[in-house]
Every structure is written in C-alpha cells, then in structure tokens.
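First comes the structure, then the notes that go with it.
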Amino acid sequence: MAPFRIIYNDWKPEEQKLREALCTLGNGYIGTRGAAEENSNNNFNYPGTYLAGGYNRAKTKIAGRNIENEDLVNFPNWLCLSFRPEGGEWLNLEKVEIIDYQQVLDMKTGTLERIFKIKDPDGRITSIHSRRFVSMKDLHLAAIQWHFTPQNWSGNLEIRTALDGTVINDNVARYGELEGHHLDPLDTEVINENSILLQVQTKQSKIIMAQAARTQIYSRQKIIKSDISSHKKDGYIEQVFHFSAKEGKKYVVEKIVAIYTSRDKAITEASLEACKDIKRVGRFKELLFSQKEAYRFLWHRSDIGIIGSEKIQKLARLHIFHSLQTISPNTMNLDVGVPSRGLHGEAYRGHIFWDELYIYPFLNLRFPEITRSLLMYRYNRLDEARYAATQEGYKGAMFPWQSGSNGREESQILHLNPKSGNWIPDNTHLQRHVNSAIAFNIWNYYVASDDKLFLSYFGAEMFLSIALFWASKAKYNKERDRYEIHDVVGPDEYHTSYPDSNEQGLKNNAYTNIMAAWVLQKALEILELIEKSRKRELLRVLAIDDAEFSLWQNISKKMYVPFIKDGIINQFEGYENLQEFPWKDYQDKYEDIQRLDRILEKEGDSPNNYKASKQADVLMLFYLFTQDELKNILENLGYEFQEGMINKNIEYYSERTSHGSTLSRLVFSWIQSKYDKAKSWKNFETLIISDFEDIQGGTTPEGIHLGAMAGSLDLIQRNFAGLAVCDDALWINPRVPDSIKKISMRINYKKHWIFVAVNHEKIKISFEEGWSNEVNIGVLDELYKFKIGEVREFSLLTDTNVQ
Ligand code: BGC
C-alpha cells in the first residue's frame, strides 16, 4: 500500500485524459497535465500547460452573434520529448506493442513517473523510465528525466526535444466551435548546442511567455557525443540528438525547462530570465533534491492522516495535492484567484466562481497567507465591481459570477447543450450571491487568522462595499413591510426564470436574501471592530452616513424570507407553484440524470418548470451557519426558528435535487451528518471519489473540481474531527465515522500551530508553537487554556481529561 502514490498499472488510452488531469503537476504558478511527453494533442493525449492568471479574450460568431470569451490559455507544451530508432517511427504508444506500462503519481514529492517497455514493429524492445516535476521550490523551473535502455538492439537513434507553441485550447469538446487560437509566435532560437528558446504572446492580453529548455544526454554520468540538428517553424522549435546506442546500456536524458512571463515580478524580460536560469541551473538530481525539501514542508503543514481506510487516506491526499498544485505558497505573490477547475484543464475557461467558499476553510487553517493573497485578487478588482454595480443602478460593489483577468463579468452569454447541440442563453450570471460568499470568506479568514490589519484595511473596504450593494439592491415592499431582492439566481442554476416568462431572474431566493441580511448585520459589527481611524476613512470614502446605517439595520431586521409550510424555507418566491418532477420516470428512462437541465432542454422542456434543483440552495444555509447562528439570523428577521426545521428542509430538498454539481454532495454530506449518518457517509463516499472516478462521466478530464476536492478536506476536519473555528476558541468535538479509526492533522488557529489527533476513544491536542504563549481550545463543551508545548489527552468515553 502506498498512501502517497496513485499507481496505474496498465495502458488504457481511453482513460488517459482522465489520468492526465489527475496527474497534473503544478506549483501554483503553472500547471501541466500529466500527458505523454512524446505525443501532441490527439484522441488519447492532451498536453495542457496553464499559467495562473494567464487569460486571453477572443471573439467567435455563434448562432448569429459575435461572442467574446475569456479563456485560461493553453500555453506552449514544454514536455515534448521523443525518440526513434533508425528506420523506425517516433515513439507513439498506440503504434507499438506495449510489454508493460506503469504510471505513478508520487504525491509526496510532486513527481510523475511513466515506466514502460515497448516492442516496435521491427522487434526492437526499448524500456523508458520517465520522471518529471514542476518545481515547487523554484516556480519557474520544471524538469524531465528519461532513463532510456535499448533492451535487445544496438544502433543509431534520434532523441527529439522541443517546445511547442502551436497548441490551441482544445480540451473541452463543447467549446469546439469557439475560437481556441490564443497564441501568436514571437521568437524561436537555438541558444547553444543543448538549449533552445521559444517565445509566444497571447493575442489579445499580450502576455509574453518565454520557455527555455536545456537537454543533455548522459551515459555513466558523462555527456555522450552526439550530432545535434535543430529545426524550427512558427511557434515551434526542436533539437534532435543523433547518436549510436548500445544494447543493454542505460542512457539518461535530462530536459530542464525555465518558464517566465511578462506578468512576472523582479524580471527585466521573460526570455532573458529563462535563458539565464537554464544556464545557471544544476542537474535533474539537484533540482529533485530541492523539490523533495519543498514538499516536505508542504506536507508537514497540510497532511491529514487517516487510519482505518486506505482509500480515504489516499484520496484525501490526492485532494490536498491538487489543491496545492493550483494554489501554493508560490501563489502568494501573484495577482490570481482560484480557478474552480484548477490549473488542470479548460472547463469553465479557468474562471473563478464562488467555489472559494468551499476551498478557503482548508487553506485558512494551514496557509492563511495564501487565503489573504487570494482575497487580494478580489480587492484588486474592487473598482471593476464598483463599476458593475453602478451600471445596474446600484451602490457599492457587485462582483461578477465568473471572474478572470480584470474582474469584469466573464459568464458566457450562450452555452452549448452537448446533448441537443443547441446554443442556449446563459443567465447564471445573475448569481449575485457570489458577493455574500466573498464577504463570508473575508470574515472567516479573519476569525481563523486574527489578521486585524487585513480586516481593517482591505477586508472592511470590500465587506462594506458589498453591504452597500445589498442595501441598494433590496427593495422595500410596503404591503409586506419587508425588503425583497429581485432578479437573481440562487446557487441552484437550474432555475433562472419563471415558467413561461421572458424575464430573467427570480424573486426572493431565500439563500440570497438571508446571506444579504447576514452581510448587513456583520458589516455593522465589523465597523466596531476595526481601527477607529480606518473606520472614519471608510465611512467618508464609501459615503456611508447615518441614513445608510439605519437602512442596513432595517434590512437586517426586515428582509423577506419565503416559506412553504411548517418551517420549510421556499427556495424562491413562486417555487411552491412549480410542478413536482417525475424523478422515477426519468431515472428509469436515463442512466444518469445529474445534468437534468441538458436532458430537459433536449426534450423541449426546462427545469424552470419543476421543483428540481441542480444543487443545494436553501440547504446552503445549514452548511454555512451553525444552528445557533441561523436561529439568530432568522429571529433577528422576525421569523421563528423551530426545532426540527433543519431536518425537515433537508428531507424536502433531498428529494428534489439531482446533484448536477459536485459541490452538492459536499453540502449534503455535511448537513446530513447530524440527522442521517448513513446518508451523510454515502454522500461523502461519492464526493471523495468524484474526480478520481470521474463520476460525472467526462468532466474531470476537463479539469478537477477544486471546490469538491478542498471541500472534502473541510468535511474531514469540520465534520469528522469536529473542529469549529470560532472567535473565542478553536472548538473540538469529534464525530469520527465508524469506517475510520483515527484522524490527525496540524492546524493553524490565530497564528498558533496545534496538532490534533482524534479516534473513537480520545482526543490528543498539542499546542506546538505560536505567536503567543497561550491559546484557547474548547474540548467538547469546556474551554481550556493551552500553554505553548503543552500536550493533553481527553477521553471521549468519560468526557474527562485523562492526563
Ligand atoms: C456549479 C457552480 C460552481 C461552478 C464552478 C457549476 O456547475 O453549479 O456552483 O460554482 O460549477 O465549479
């Protein structure tokens, strides 16, 4: 059993694109899919390299309209490495006999290995052991090493190394009709006998990327003699090493690549820096050494140990690993957000949604510095959000549902239903609730990190701007004596308008309304928390006066929340009148009804007509807030909070949700944990395998689902280990599931590193180190003060301190 390794023991071309996404290597700056070095884009191989924040806009004529989309660009493929024996063909696993094949993702060191033996049509057997990594230590470097052995032949051969900038964005079939050419070639140069340089530029955003590659071939630690030729064409350059190989002898091919872009800091010019690096850098072995060191530190901070289920242990590590491939300490200095599909593929065009809400809880307790930097991505786009609000006639800031380079709305106007081939208007951008998610994230980052400076300066400015937006968006309804929010879409994207209505958006989505009320209430609290001088500044700069204050107070007491009956919150006003959906009939008719929207559209129908949701909507409230918090919010709004209301809502909406988003299982698993352990566990099991087994049937090859991945880790810490990050203390009240024996992790709470291990019998807590000598930790329902270095155990059987 190898808990840090994902091992594939066979060559399955049809699964290769899924494996590529799952074997993506990145460092928070770039990410490169686990494609084969020797092939370019074909039906089983898709080499994709993505730069964090590397977007480009392009126009396409679709359905008679000129549409502009912004894409996370597929940058040049630096992997290219191949060989051919004299008279033979360039390596292609589809054209040779594969004697054995193994692909191993070693998550402990961030390396990908491919170990295979092949026989070509002339009977030549060759074995190749390939290893590669994208350096976590030096964000600009990546390396590949081949151990190459002709097993039963001697003779001339060629090794080809290349940098390929002729790539296009072609990872997602349903985007096929959209413009996918994002790169212009700039320059190709042979630097010297072992090094080449490629420069490209994105067509519209004008990001220059320079890649320099140094390739050396060794035998017994000595560079072998070879004839080297080079070839280039627009956007592509290669070097070919010709030499004579001997049967049974091992040759070591090393390709070190340096990648810089015009977005980088502390550079003069990208190509100069890339060339400088490959001249200075040592051999593969040296780079690998620092790679291992960098990963040692990362795992020390972020590992979650699970005893009792090897499968869950491995998948949890896979989720930690891919979170860190997308966002790592290297991200901290970059102006980037979290793309919902990682740096692993092109689905959703690398856009940033509300998925941060599910991702930050994992980061907050391990890498709060990264959360801060990601929140700055939003702060840096505050002006664009202010402009968007003004354009719609609102005050404050209205952040986009889908965000990319400069923070304008990047949601597509039309989307393709791959089932019907129709282009359909996309109104999901009306998900204004993304604003509350940003506010919620600011607050929760503050609670976990105690970063008062951030809250006072950047956090409060964003938070108050969002509050201003909600206060101007909420409209007073005299008849009800309540405030209402219209023209929105809730998290459940299946409902974007009323049946037979031409108008977009819904009235009073309960989740949106309650979150807005929370934002307004919390904004008033934040103003009392931050530095007085900053408060004065902000009130003046944002023009918040007494009238605005009383409006906020009023709305946070009088926001309208629709109810159906008996404490069941109505997803939105009018939902109660929709038809019940014939779930059984559709389950019988179709194998998979997760994407009900596509099925119904194909049938000329729409989910707008039914009580059928894609994902948790009302139920999000129980995911984000504790029972007490929600009780306070609702009671403050003058609504009764009944005992048992939560479970009733869960039951009601469980029967009406198709789980068309991986986020849905996550929310369901958490909210069911108190009421129906079996269902909660089932949802957790589905969630944890959702990318590994590509349960949505084809979406993971287009990029992992980072919200679901990082969210599953939050479930482990919040649900199973029972951690509650509160302002007064870190509370621990474990509920370790039967199938797991022990969970352990190291977390950072308000600048204190605390090690927690829980099993069915006891909790062990060590306060390892921190910025102050004491930290408050609540165990079960009692508060303790821990001193630095203190280790204590608590019995779960007797509820008493056993040491
Ligand atoms: C979900 C959204 C999510 C987006 C990106 C969609 O399918 O419905 O809630 O933000 O994917 O992950």
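The values are calculated or read from the model by the stated rules, or taken from the named source; none is laboratory data. Every value quoted in this text rests on a predicted model; they were computed, and no experiment measured them. Please note: Cβ atoms are built from the backbone with ideal geometry, for glycine as well, and neighbour counts cover all protein chains shown.
Scoring Lys137 on the criteria (1) out of contact with any strand residue (DSSP E or B) (no Cβ under 6 Å at 6 or more places or on another chain); (2) part of a strand (DSSP E or B) leaves a single failure, condition (2). When residues in the stretch 567-588 are screened for being surrounded by 13 or more Cβ atoms within 10 Å (Cβ to Cβ) and in a helix (DSSP H, G or I), 4 of them pass. The requirement of being buried (at least 22 other Cβ atoms within 10 Å of the Cβ) and β-branched (Val, Ile, Thr) is fulfilled nowhere in the stretch 50-63; no residue meets it.
When restricted to residues that are more than 16 Å from the ligand (Cβ to nearest atom) and part of a helix (DSSP H, G or I), the stretch 714-737 contains 6. Anything in the stretch 607-635 that is away from the ligand (no atom under 14 Å from the Cβ) and farther than 25 Å from Gly711 by Cα? List them, or say none. Answer for the stretch 607-635, where residues must be away from the ligand (no atom under 14 Å from the Cβ) and farther than 25 Å from Gly711 by Cα: Asn608, Asn609, Tyr610, Lys611, Asn632, Leu634, Glu635. Number of residues in the stretch 567-597 that are modelled with pLDDT of 95 or more and of a type in the set (A, V, I, L, M) equals 3. Within the stretch 371-412, the residues that satisfy the criterion of being in a loop (DSSP other than H, G, I, E, B) and more than 23 Å from the chain's Cα centre (by Cα) are Glu392, Gly393, Tyr394, Lys395, Gly396, Ala397.
For the stretch 161-192, filtering for residues that are more than 22 Å from Ser271 (Cβ to Cβ) and over 25 Å from the mean Cα position of the chain (by Cα) leaves 1. Among the residues of the stretch 508-549, those identified as more than 9 Å from Leu464 (Cα to Cα), touching a helix residue (DSSP H, G or I) at 6+ places or on another chain (Cβ under 8 Å) and among the small types (Gly, Ala, Ser) are Ala510, Ala516, Ala517. Out of curiosity, is Ile704 within 16 Å of the ligand (Cβ to nearest atom), at pLDDT below 95 and either crowded, with 16+ Cβ neighbours inside 10 Å or over 30 Å from Glu20 (Cα atoms) (or both)? Taking the combined requirement at face value, the residue does not satisfy it. Exactly one residue among Gly660, Gly638 is in a loop (DSSP other than H, G, I, E, B) and within 16 Å of the ligand (Cβ to nearest atom), and that residue is Gly660. The conditions are (1) surrounded by 23 or more Cβ atoms within 10 Å (Cβ to Cβ); (2) more than 16 Å from the ligand (Cβ to nearest atom); (3) within 28 Å of Tyr175 (Cα to Cα), and Ala270 fails exactly one of them. Which is it? With (1) surrounded by 23 or more Cβ atoms within 10 Å (Cβ to Cβ); (2) more than 16 Å from the ligand (Cβ to nearest atom); (3) within 28 Å of Tyr175 (Cα to Cα) applied to Ala270, the lone miss is (3).
Among the residues of the stretch 508-515, are any farther than 20 Å from Asn636 by Cα and of a type outside the set (Gly, Ala, Ser)? Checked the stretch 508-515: no residue is farther than 20 Å from Asn636 by Cα and of a type outside the set (Gly, Ala, Ser). Among the residues of the stretch 468-511, those that are more than 25 Å from Ala385 (Cβ to Cβ), touching a residue at least 40 places away in the same chain (Cβ under 8 Å), in a loop (DSSP other than H, G, I, E, B) and more than 16 Å from the ligand (Cβ to nearest atom) comprise Arg480, Asp481, Tyr498, Pro499.
Just a yes or no: is a residue in the stretch 35-58 acidic (Asp, Glu) and within 20 Å of Leu178 (Cβ to Cβ)? Checking the stretch 35-58: not a single residue is acidic (Asp, Glu) and within 20 Å of Leu178 (Cβ to Cβ). For Glu591, the conditions (1) crowded, with 22+ Cβ neighbours inside 10 Å; (2) in a loop (DSSP other than H, G, I, E, B); (3) over 27 Å from the mean Cα position of the chain (by Cα); (4) of a type outside the set (Lys, Arg) are fulfilled apart from (1). What single numbered condition from (1) surrounded by fewer than 24 Cβ atoms within 10 Å (Cβ to Cβ); (2) touching a strand residue (DSSP E or B) at 6+ places or on another chain (Cβ under 9 Å) fails to hold for His351? Result: His351 passes all but (1). Considering only the stretch 682-693, I want to know if a residue exists there that is within 16 Å of the ligand (Cβ to nearest atom), more than 27 Å from Phe581 (Cβ to Cβ) and crowded, with 22+ Cβ neighbours inside 10 Å. The answer is yes; a qualifying residue exists.
Here Leu363, Leu357, Leu334, Leu288 are screened, and the one residue that is closer than 22 Å to Leu723 by Cβ and either away from the ligand (no atom under 15 Å from the Cβ) or of a type in the set (D, E, K, R) (or both) is Leu363.
Taken over the stretch 33-64, the criterion of being in a loop (DSSP other than H, G, I, E, B) and within 22 Å of the chain's Cα centre (by Cα) is satisfied by Arg33, Gly34, Ala35, Tyr46, Pro47, Gly48, Ala52, Gly53, Gly54.
Of Ala388, Ala397, all but one fail to be more than 26 Å from Ala173 (Cα to Cα), more than 16 Å from the ligand (Cβ to nearest atom) and surrounded by fewer than 22 Cβ atoms within 10 Å (Cβ to Cβ); the exception is Ala388. Checked against (1) in contact with a helix residue (DSSP H, G or I) (Cβ under 8 Å, 6 or more places away or on another chain); (2) at positive phi, Ala612 meets all criteria but (2). For Gly350, the conditions (1) of a type in the set (Gly, Ala, Ser); (2) within 13 Å of the ligand (Cβ to nearest atom); (3) at negative phi all hold with the exception of (3). Scanning the stretch 416-459 for residues that are surrounded by fewer than 16 Cβ atoms within 10 Å (Cβ to Cβ) and part of a strand (DSSP E or B) yields a total of 3.
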